[in-house]
1. In the set Arg299, Arg310, which member is in a helix (DSSP H, G or I) and either loosely packed, with under 13 Cβ neighbours inside 10 Å or charged (D, E, K, R) (or both)?
2. Can Arg190 be described as modelled with pLDDT of 90 or more and in contact with an Asp or Glu (Cβ under 6 Å, 6 or more places away or on another chain)?
3. Are any residues in the stretch 186-201 more than 22 Å from Ala225 (Cβ to Cβ) and crowded, with 17+ Cβ neighbours inside 10 Å, and if so, which ones?
4. So, in the stretch 181-218, how many residues would count as being closer than 16 Å to Glu147 by Cα and either in contact with a Pro (Cβ under 7 Å, 6 or more places away or on another chain) or among the acidic types (Asp, Glu) (or both)?
5. Out of the residues in the stretch 207-233 that are more than 16 Å from the chain's Cα centre (by Cα) and surrounded by 15 or more Cβ atoms within 10 Å (Cβ to Cβ), which is nearest to Asp158 (Cα to Cα)?
6. For the stretch 101-111, indicate whether the set of residues that are part of a strand (DSSP E or B), aliphatic (A, V, I, L, M) and surrounded by fewer than 18 Cβ atoms within 10 Å (Cβ to Cβ) is non-empty.
7. Please go through (1) within 11 Å of the chain's Cα centre (by Cα); (2) part of a helix (DSSP H, G or I) for Glu152 and return the number of the only condition it doesn't satisfy.
8. Does Gln204 count as touching a Phe, Trp or Tyr at 6+ places or on another chain (Cβ under 8 Å), polar (S, T, N, Q) and loosely packed, with under 14 Cβ neighbours inside 10 Å?
Amino acid sequence: MTKLPKGEKNKFSGLGRGLGALLNNEATNSLLRETDNQNESSSYKTNDDNNQRKESLFEKNKVYNVNINFVMPNENQPRKFFDKIKLEELANSIKNNGIIQPILVTKVAKDKYKIIAGERRWRAARLLGLKEVPILIRELTESEVLEQALIENIQRQDLNAIEEAEALTRLMDEHKLTQEEVSARVGKSRSSIANTLRLLSLPQSVQSLVIQDDLSAGHARALVAIKNEELQLSLAEEAINKDLSVRDIEKKIKKALTPPKEIDAQSEAYRLSLQEIEDLLTKSLGTKVQLREKNNKGRIVISYYSADDRERILEILENNNN
């Protein structure tokens, strides 16, 4: 049986197990009316009035308002990056609407609860200076806490792509699960999980861009095809600076991965033979000689720089002809 937060009367711990035996009729009816009112509302506001309420029933689970200092983050929380602006937006929403969904926790000691899911709500509540937060308690082992935290965050899509990849890796490693088994637990296809895991092969510089929400997961997945880390980072930065689409990046990657056209060995040998002929004639005539050829047809261009130079070349040709 889960203990109530400090200051609560023990009589409430018997809810659901024979109220008549524990309370008089008037107290029972009062408590049931309070329970009905809570079930009609999906919002657990933390204003002064309902801060006085230490326990309520939420369907079959118990929801408590507890001192915010009794709740602590999970050191194994898969989510590492909390966007400051989005956190302030959440705090503003909580200020206007209250905390709609209780924070999922496990009890680790007296007046001490570890967060399984809902750290953003807890952080936003602290920003507002709230004294209490609503919690939903689950009795889990340390191993189960980690597994539940990973699955909750993945299913709720509270993680960026890199955090999700790291969470999936931990889930597989620490619980000896295959991709197929993880797929069944988190409700995602095996191919989706495989593609997400590949993001961890990217250099840390590119992963950081994804974590900071500068580079989308789609862009990052496209970059996995490249093995050159410098090129990966270069294309990632180009995608950000030029606001390129995933399709644009894929085209650039395809171009980068396409090998240059191979030079025909026979054509290269033929080009070298023409060069050799030019060199031979230039040496023989003592002047610049160029061969211009296309489709086995062409011309030989012999350069001369004066009338005397021309006569000298003609004399050489005549002598060679003889």
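1. Working: Arg299 fails: in a helix (DSSP H, G or I).
After applying the criteria, what remains is Arg310.
2. Numbers: modelled with pLDDT of 90 or more: yes; in contact with an Asp or Glu (Cβ under 6 Å, 6 or more places away or on another chain): yes.
Answer is yes for this residue.
3. First pass over the stretch 186-201, keeping only residues more than 22 Å from Ala225 (Cβ to Cβ): 186-187.
Val186, the sole residue that qualifies.
4. 1
5. First, the residues of the stretch 207-233 that are more than 16 Å from the chain's Cα centre (by Cα): 225-231.
Filter again for surrounded by 15 or more Cβ atoms within 10 Å (Cβ to Cβ), leaving 226, 231.
Details: Ile226: 28, Leu231: 30 Å.
Selected residue: Ile226.
6. So in the stretch 101-111, the residues part of a strand (DSSP E or B) come out as 103-109.
Next, only the ones that are aliphatic (A, V, I, L, M) stay: 103-105, 108-109.
Cutting the leftovers down to surrounded by fewer than 18 Cβ atoms within 10 Å (Cβ to Cβ) gives us 108-109.
Yes, the stretch 101-111 contains a residue that is part of a strand (DSSP E or B), aliphatic (A, V, I, L, M) and surrounded by fewer than 18 Cβ atoms within 10 Å (Cβ to Cβ).
7. So Glu152 meets the others, but not (1).
8. Details: touching a Phe, Trp or Tyr at 6+ places or on another chain (Cβ under 8 Å): no; polar (S, T, N, Q): yes; loosely packed, with under 14 Cβ neighbours inside 10 Å: yes.
No: the conditions fail for Gln204.
The values are calculated or read from the model by the stated rules, or taken from the named source; none is laboratory data. All values reported here derive from a predicted model rather than from experimental measurement. Virtual Cβ from ideal backbone geometry, glycine too; neighbours counted across all protein chains shown.
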